[in-house]
Amino acid sequence: MTGDGLPLCVGRAAVAGPAAGEPHIRLAVPGDGPLLTAIEQSAGERFRSIPDIAWVADGDSRPPERYQALIAAGATWVALDGNGAAVGFLCGEPVGDALHIWELGVVLERQNQGFGRALIAHAMDYARANGLPSVTLTTFRAVPWNEPAYRRAGFVTLSDEDLDPRLAALLDAEDAAGLARATRCAMRRALA
């Protein structure tokens, strides 16, 4: 086990391609569910640095079965480092006229190294290739690696008046599950 609780060789794959440290993105495959759960748990540790929401690090991760359903939908990708180790993932799903990002996670020790940006770029390419004019997500407002980071990636925070019924319902469901609506927002990135 590593310090973040991941098995030492989690996600190792024979991958030719990028130099050490450069992201390589692959489509998630059946059986990746437990890997995605482990990455999500590691990524969540960063929330411990914000006392008001440190509880997020102790929250329930998505179960592997939910990840398996998203993997089957064909819009979930895994980021590999130059050594073939899985270090991040993005789960998306085409919903209406958008690709919705359900989860983006990078293991704690590999954050801020371009893996998240590479996953977002890959998701936007997928959306464009599939005729989807936008990418949407919900996230925390005041967490530096959430809303502010997505804004830097070209996402726009939607006001309550600009929310479509799907995103409004999603924020309401998150609120009912304990993620206070005042701390959350929906964002959209229009694609050219």
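Summary of computed values
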quantity: Evaluation of ALA127 against (1) touching a residue at least 60 places away in the same chain (Cβ under 8 Å); (2) surrounded by 18 or more Cβ atoms within 10 Å (Cβ to Cβ); (3) outside any helix (DSSP H, G or I) (one fails), failing number; calculated: (3)
quantity: Complete set of residues in region 133-168 that are in contact (Cβ under 8 Å) with a residue 60 or more places away in the chain and either in a strand (DSSP E or B) or polar (S, T, N, Q) (or both); calculated: PHE140
quantity: Pick from region 136-169, criterion of a type in the set (Val, Ile, Thr) and either more than 25 Å from ALA54 (Cα to Cα) or touching a Lys or Arg at 6+ places or on another chain (Cβ under 8 Å) (or both), ranking: surrounded by the most Cβ atoms within 10 Å (Cβ to Cβ); calculated: THR136
quantity: Every pair of residues 6+ apart whose Cβ atoms lie under 7 Å, when the first sits in region 169-192 and is in contact (Cβ under 8 Å) with a residue 24 or more places away in the chain and in a loop (DSSP other than H, G, I, E, B) while the second is buried (at least 17 other Cβ atoms within 10 Å of the Cβ) and of a type outside the set (S, T, N, Q); calculated: LEU191/MET124; LEU191/ALA127; LEU191/VAL135
quantity: Residue match in region 101-122 (condition: over 22 Å from ALA38 (Cα atoms), crowded, with 17+ Cβ neighbours inside 10 Å and either of a type in the set (A, V, I, L, M, F, W, C) or in contact (Cβ under 8 Å) with a residue 40 or more places away in the chain (or both)); calculated: no
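Values in this text are rule-based calculations from the coordinates and carry no lab data. Small disclaimer: the values here were computed from a predicted structure and weren't measured. A quick note on method: Cβ atoms are made from the backbone with ideal geometry, for glycine too, and the neighbour counts reach across all protein chains shown.
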